[in-house]
Amino acid sequence: TSGQVSELARILFQERAIAIDTESNSRHRYPERVCLVQVATDSNVYLIDTLAVDDMKPIGEVLGDETVVKVIQGAEYDIRCLDREWGFRIRNLFDTSIAARFVGMKQTGLSVLTGDLLGVHIPKDARIQKSDWTRRPLSQEAVNYAAMDVWYLQSIQKTLESRLRTLARSQWVSEECARLEQI
């Protein structure tokens with residue numbers, strides 16, 4: 001509900017970093033819509049059913065806050081969707097895909113990053129990924145898939161940040177992420 005989104009925003013403002021992802025229905029509808037926003041902290045995953053929530057503004061305030069790091073995998077599409085849908089701007093972005101390239105990884109998909117950096121295999125079921133995210137209720141499979149998309153991102157970020165410091169490339173990633181924030 002909108003009330004729960006406001007409460008979630010209060011929780012998120014207390015975090016140093018949060019992980020974000022979106023699921024849209026671009027393969028099934030025009031114009032497309034953001035149907036789900038997934039948010040992870042160090043201890044919890046929150047799924048926001050944007051089709052059921054009237055007021056997403058509190059989440060936009062968190063996304064625009066420069067004190068909370070927003071960790072996103074392949075952020076460009078999500079940034080465009082969040083801007084198109086609600087006019088949200090993201091500040092203090094850490095894109096794990098960009099960071100992975102700067103540490104020399106050739107493949108930067110989420111499954112590869114969780115496997116190579118964390119030793120964790122997360123299945124990426126194309127059937128669920130490409131499904132119509134407007135259909136409710138979401139299956140347990142879809143809920144699990146959405147949660148896994150954000151659950152490991154902060155661990156990936158920490159591992160990549162350590163490697164970036166060793167290579168003295170942290171600033172490079174910061175510059176690229178700042179550029180991406182302007183999309």
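The values are calculated or read from the model by the stated rules, or taken from the named source; none is laboratory data. In this text the structure is predicted, and so the values were computed from the model without any measurement. Ideal geometry is used to build each Cβ from the backbone, glycine not excepted, and the neighbour counts take in all protein chains shown. Heads up: the accessible areas ignore ligands, DNA and RNA and are worked out on the full protein's heavy atoms, side chains in. Shrake-Rupley method; radii C 1.70, N 1.55, O 1.52, S 1.80 Å.
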### Options CYS35, CYS81: the member that is touching a strand residue (DSSP E or B) at 6+ places or on another chain (Cβ under 6 Å) and surrounded by fewer than 21 Cβ atoms within 10 Å (Cβ to Cβ)
CYS81
#### Entry: Residues located in segment 116-135, provided they are more than 21 Å from ARG29 (Cβ to Cβ) and assigned to a helix (DSSP H, G or I)
ASP116, LEU117, LEU118
### Query
Given the structure, is THR159 open to solvent by 50 Å² or more (accessible area, probe 1.4 Å), of a type in the set (Val, Ile, Thr) and at pLDDT 95 or above?
no
### Query
Do we have LEU51 as hydrophobic (A, V, I, L, M, F, W, C), surrounded by 20 or more Cβ atoms within 10 Å (Cβ to Cβ) and at pLDDT 95 or above here?
no
### Task
Kindly check whether there is at least one residue in segment 14-29 that is under 14 Å from ASP149 (Cα atoms), open to solvent by less than 30 Å² (accessible area, probe 1.4 Å) and over 11 Å from the mean Cα position of the chain (by Cα).
yes
#### Entry: Flag for SER170 being of a type in the set (S, T, N, Q), touching a helix residue (DSSP H, G or I) at 6+ places or on another chain (Cβ under 6 Å) and without any contact (Cβ under 8 Å) to a residue 24 or more places away in the chain
yes
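For every residue, the table says whether it meets (1) among the aliphatic types (A, V, I, L, M); (2) without any contact (Cβ under 8 Å) to a residue 24 or more places away in the chain.
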position: PHE102; (1), (2): no, no
position: MET105; (1), (2): yes, yes
position: LEU113; (1), (2): yes, no
position: ILE122; (1), (2): yes, no
position: ALA126; (1), (2): yes, yes
position: GLN129; (1), (2): no, yes
position: THR134; (1), (2): no, no
position: LEU138; (1), (2): yes, no
position: ALA142; (1), (2): yes, yes
### Summary
Screening VAL71, VAL112, VAL150, VAL143 for residues that are crowded, with 21+ Cβ neighbours inside 10 Å and assigned to a helix (DSSP H, G or I) leaves only VAL150
### Task
State whether the residues of segment 123-134 include one that is modelled with pLDDT of 95 or more and either open to solvent by 40 Å² or more (accessible area, probe 1.4 Å) or in contact with a Phe, Trp or Tyr (Cβ under 9 Å, 6 or more places away or on another chain) (or both).
no
### Message
Within segment 85-106, does at least one residue satisfy the condition of being outside any loop (DSSP other than H, G, I, E, B), among the aliphatic types (A, V, I, L, M), in contact with a helix residue (DSSP H, G or I) (Cβ under 9 Å, 6 or more places away or on another chain) and surrounded by fewer than 19 Cβ atoms within 10 Å (Cβ to Cβ)?
### Response
no
### Query
Within segment 158-183, how many residues turn out to be of a type outside the set (Asp, Glu) and closer than 26 Å to GLY87 by Cα?
8
